Amino acid sequence: MFGLMLVTTFKMLFRDPEWSRKIPVGGLMLFAPTLALSILLSVELPTLLIPLVIITGILPMLAGWGFVFRLFVDALNGKEIKELPEWKHWQAFMLGGFWLFLIVLGYILLAGVAVTILISVLGISPSGEDAGQLGSALFLMMIVSVLLYACFPIAFARFAETGRIFAAFHPGLFGMDVKRLIRGNYIQACVAFYALSLLVNLVLGAVPYIGLVLVSIALFFLMMIFGLIFGKLIGAKPQAVYPSDEG
């Protein structure tokens with residue numbers, strides 16, 4: 001079932017005759033923070049220019065996230081995707097990406113606190129002095145990463161449904177969604193997304209010169225595929241909303 005959904009969604013993205021333009025543009029949006037970081041590390045800039053470079057790197061990334069969020073919301077609403085959105089609703093894309101960024105940041109902070117507590121309770125030292133303990137710490141962080149991949153779509157769906165960021169962190173509502181969704185297909189989707197993302201970074205990241213650009217494009221492609229898959233798995237929600245397309 002999941003394999004068929006993955007193949008079908010993969011093919012769906014190529015229905016748009018403009019896919020060869022829209023997908024690379026999204027990849028470049030995700031590459032912008034990496035480029036900005038490279039500039040900050042390699043070029044000595046005046047202090048006043050540093051915030052400008054940071055903002056210039058972050059805003060395109062938010063637009064890329066917002067683009068994928070638009071597909072996710074369409075899938076939540078049960079909309080048939082015949083073509084990809086146009087790269088013109090910049091205000092809506094950046095706004096959507098900004099809210100997702102806050103949700104992701106919140107969950108990462110919560111996960112960081114949880115991992116710190118677990119490492120302390122279990123007596124695991126990630127310092128590298130003990131190879132066994134270091135391996136245990138890395139395994140724990142990998143498990144937490146997979147769990148975060150499972151949490152994000154649910155949190156994004158709650159936000160899309162209500163338009164309120166705090167709904168993404170509501171423990172009662174989140175627990176209800178977990179009980180309803182954590183089944184074979186959803187678990188397979190989470191593991192596949194994590195594994196494919198890791199594989200893309202390891203394989204394409206090793207390509208000289210253009211490796212990081214290829215990674216960004218491939219990750220954007222994966223985000224679109226799994227954004228649609230998670231939207232379908234979570235289910236049609238006619239009340240799901242998206243920031244205004246004006247802009």
Some residue of region 42-57 being among the aliphatic types (A, V, I, L, M) and within 23 Å of A160 (Cβ to Cβ): no
Test: residue in region 60-70 that is surrounded by 17 or more Cβ atoms within 10 Å (Cβ to Cβ), part of a helix (DSSP H, G or I) and out of contact with any Phe, Trp or Tyr (no Cβ under 9 Å at 6 or more places or on another chain): no
Filter result (modelled with pLDDT of 85 or more and in contact with a helix residue (DSSP H, G or I) (Cβ under 6 Å, 6 or more places away or on another chain)) within region 108-133: A111
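For every residue, the table says whether it meets (1) aliphatic (A, V, I, L, M); (2) in a helix (DSSP H, G or I); (3) surrounded by fewer than 18 Cβ atoms within 10 Å (Cβ to Cβ); (4) at pLDDT below 90.
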{"position": "I154", "(1), (2), (3), (4)": "yes, yes, no, no"}
{"position": "R158", "(1), (2), (3), (4)": "no, yes, no, no"}
{"position": "L173", "(1), (2), (3), (4)": "yes, yes, yes, yes"}
{"position": "A195", "(1), (2), (3), (4)": "yes, yes, yes, no"}
{"position": "L198", "(1), (2), (3), (4)": "yes, yes, yes, no"}
{"position": "V213", "(1), (2), (3), (4)": "yes, yes, no, no"}
{"position": "F220", "(1), (2), (3), (4)": "no, yes, no, no"}
{"position": "L233", "(1), (2), (3), (4)": "yes, yes, no, no"}
Meets criteria (of a type outside the set (D, E), surrounded by 15 or more Cβ atoms within 10 Å (Cβ to Cβ) and in contact (Cβ under 8 Å) with a residue 40 or more places away in the chain) for L181: yes
Test: R15 is in a helix (DSSP H, G or I), within 24 Å of L214 (Cβ to Cβ) and of a type in the set (K, R): no
Region 160-171 residues that are among the aliphatic types (A, V, I, L, M), paired with ones that are exposed (fewer than 15 other Cβ atoms within 10 Å of the Cβ) (beta carbon under 8 Å, 6 or more apart): A160/V241; I165/L102
Residues within region 18-59 that are in a helix (DSSP H, G or I), out of contact with any Ser or Thr (no Cβ under 8 Å at 6 or more places or on another chain) and of a type in the set (S, T, Y), tallied: 4
Test: residue in region 42-49 that is surrounded by 12 or more Cβ atoms within 10 Å (Cβ to Cβ), modelled with pLDDT of 90 or more and either within 20 Å of G205 (Cβ to Cβ) or of a type outside the set (S, T, Y) (or both): no
Of all residues in region 69-92 being under 15 Å from G163 (Cα atoms) and aromatic (F, W, Y), the one that is farthest from the chain's Cα centre (by Cα): F72
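The values are calculated or read from the model by the stated rules, or taken from the named source; none is laboratory data. Just so you know, these numbers come straight off a predicted model, no measurement behind them. FYI the Cβ positions are ideal-geometry reconstructions off the backbone, even for glycines, and counts take in every protein chain you see.
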